[in-house]
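The values are calculated or read from the model by the stated rules, or taken from the named source; none is laboratory data. Just so we're clear, the structure is a prediction, and the values are computed from it rather than from any experiment. Cβ atoms come from the backbone with ideal geometry, glycine included; neighbour counts cover every protein chain shown. Surface accessibility is based on the protein's heavy atoms, side chains included, excluding ligands, DNA and RNA. Shrake-Rupley method; radii C 1.70, N 1.55, O 1.52, S 1.80 Å.
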Amino acid sequence: MATILIVDDAPECLAVLSSLLSPLCQVRAVTSGQLALQAAASSPRPDLILLDVMMPEMDGYKVIRHLLSNPATSDIPVIFVSALEQTDDEEHGLALGAVDYITKPIKPAIVIARIKAHLDLKAARDLLQDRNRSLAEDMAQRMAENLLIQDISIRALAGLAEIRDPETGNHLRRTQGYVRTLAMELCSHPRFADFLTPHHIEVLVKSAPLHDIGKIGIDDHILRKRSKLTPDEWAIMKTHSQLGYQALEQAAQDAEYSIDFLSMAKDIAHYHHEKWDGSGYPEGLSGNQIPISARIMALADVFDALITQRAYKRAFTLEQALLIIDEGRGTHFDPDVVNAFFARQEEFIRIATRNANRETADMPIQTALAIP
């Protein structure tokens, strides 16, 4: 049963309206504007308010302004009930936000008809809002599920490359953490702020595990070789960046619509071996020609390779790794990315320690002071 709040300072008016409406709905009655505000915000919440205009202390116009300014009561329809019969009075009440205006003395049949109509409208509106809310919740849940499936798919796809090259261990987790750390440090920098928005940072982090996806296309005798590669073998190994780009480009073309993380992943896979001075591969890009995402990935990838033991090399000490990164400033790496690395050096060390490979988990990483 619907609930109606009647507000009138005249007891006889309250009695008449209450008697008329009680068979139709639950009736609450108050005698002042202040009490009306309290009743409207309390339980049971009214579905409709019949509000007298002329009341002492707080008239109906002031009451409706308060009701509409309060989020808890702003959606409750208000019908003014007043002895004021001028058209201007009715127009003023409707302009303030009332849904109807009934003049006194009331005509029972008209009052009942109008109230039934507004209660039906309120019920329909509430039903529509509930359905919209339910649809929004369903959409949010489906989007969350799709994102989870996307994340799992990315991890599984990237894991294929990791399986082909098992010695990389937790390389994907570490580099993903490094990339997030660098992006968070650089997002306020004037050179990077336009690109590193919160959305782009999330896409960048999601895309990072795919940086070496092209290694799937490299033969095992090269990928798993336990000694230094020959020049010819190294030339083949370097094609993994182009292979990764081509695979991701094909996936992007097969998609029915543009997918942000695939666009970012293509740049990372293709260009993360480019160098700031133009001596990298596959295209020999230099400086700002290299996508920001690839510049960030380049440092994250190199740092992890330096501190990680491989079949063909021992891990560098932290001090050695820091020195190599610093010496790469302006040659291998964007100088500002190097600055961001040293600003967050301790966080890099924590990520490396937390995600250490089994064979190095018991080897402590010694903290070094940032190199000036």
Report summary line: Residues in region 1-38 that are part of a loop (DSSP other than H, G, I, E, B) and either surrounded by 20 or more Cβ atoms within 10 Å (Cβ to Cβ) or under 43 Å from the mean Cα position of the chain (by Cα) (or both) total 3
Requested in this report: From Q345, Q320, grab the single residue that is modelled with pLDDT of 95 or more and over 35 Å from the mean Cα position of the chain (by Cα).
Outcome: Q320
Report task. Kindly check whether there is at least one residue in region 53-65 that is closer than 23 Å to L127 by Cα, out of contact with any His (no Cβ under 7 Å at 6 or more places or on another chain) and not in a helix (DSSP H, G or I). Result -> no
Report summary line: Residues of region 49-76 being under 17 Å from A10 (Cβ atoms) and open to solvent by less than 50 Å² (accessible area, probe 1.4 Å), in sequence order, are I49, L50, L51, D52, V53, M55, M58, D59, G60, V63
Report summary line: Selection from region 171-191 of residues buried (at least 17 other Cβ atoms within 10 Å of the Cβ), within 16 Å of A343 (Cα to Cα) and in contact (Cβ under 8 Å) with a residue 60 or more places away in the chain yields G177, Y178, V179, T181, L182, A183, E185, L186
Query raised in the report: Among the listed residues A72, A124, A117, which satisfies the condition of being over 18 Å from L5 (Cβ atoms) and either modelled with pLDDT of 90 or more or not β-branched (V, I, T) (or both)?
Result: A124
Query raised in the report: Right, R45: over 17 Å from I106 (Cα atoms), assigned by the TED database to the domain that holds I76 and surrounded by 17 or more Cβ atoms within 10 Å (Cβ to Cβ) or not?
Result: no
Query - Criterion (open to solvent by 60 Å² or more (accessible area, probe 1.4 Å) and at negative phi) met by exactly one of D267, D212, D260 - result: D260
Requested in this report: Please give the number of the condition A255 fails out of (1) open to solvent by 40 Å² or more (accessible area, probe 1.4 Å); (2) small (G, A, S); (3) without any contact (Cβ under 8 Å) to a residue 12 or more places away in the chain.
Outcome: (1)
Query raised in the report: Looking at this structure, is K275 surrounded by 15 or more Cβ atoms within 10 Å (Cβ to Cβ), part of a loop (DSSP other than H, G, I, E, B) and among the basic types (K, R)?
Result: yes
**Report entry** Pairs where the first residue, in region 264-279, is in the same structural domain as R329 (by the TED database) and closer than 17 Å to I201 by Cα and the second is surrounded by fewer than 20 Cβ atoms within 10 Å (Cβ to Cβ) and among the aliphatic types (A, V, I, L, M), C-beta under 7 Å, 6+ apart
**Finding:** M264/V203; K266/A252
Report task. Check off (1) open to solvent by 20 Å² or more (accessible area, probe 1.4 Å); (2) in contact with a His (Cβ under 9 Å, 6 or more places away or on another chain) for L196 and give me the number that stays unchecked. Result -> (1)
Query raised in the report: Say we look at region 77-95 and pick out the residues that are over 12 Å from G60 (Cβ atoms) and open to solvent by less than 80 Å² (accessible area, probe 1.4 Å); which of these is nearest to the chain's Cα centre (by Cα)?
Result: P77
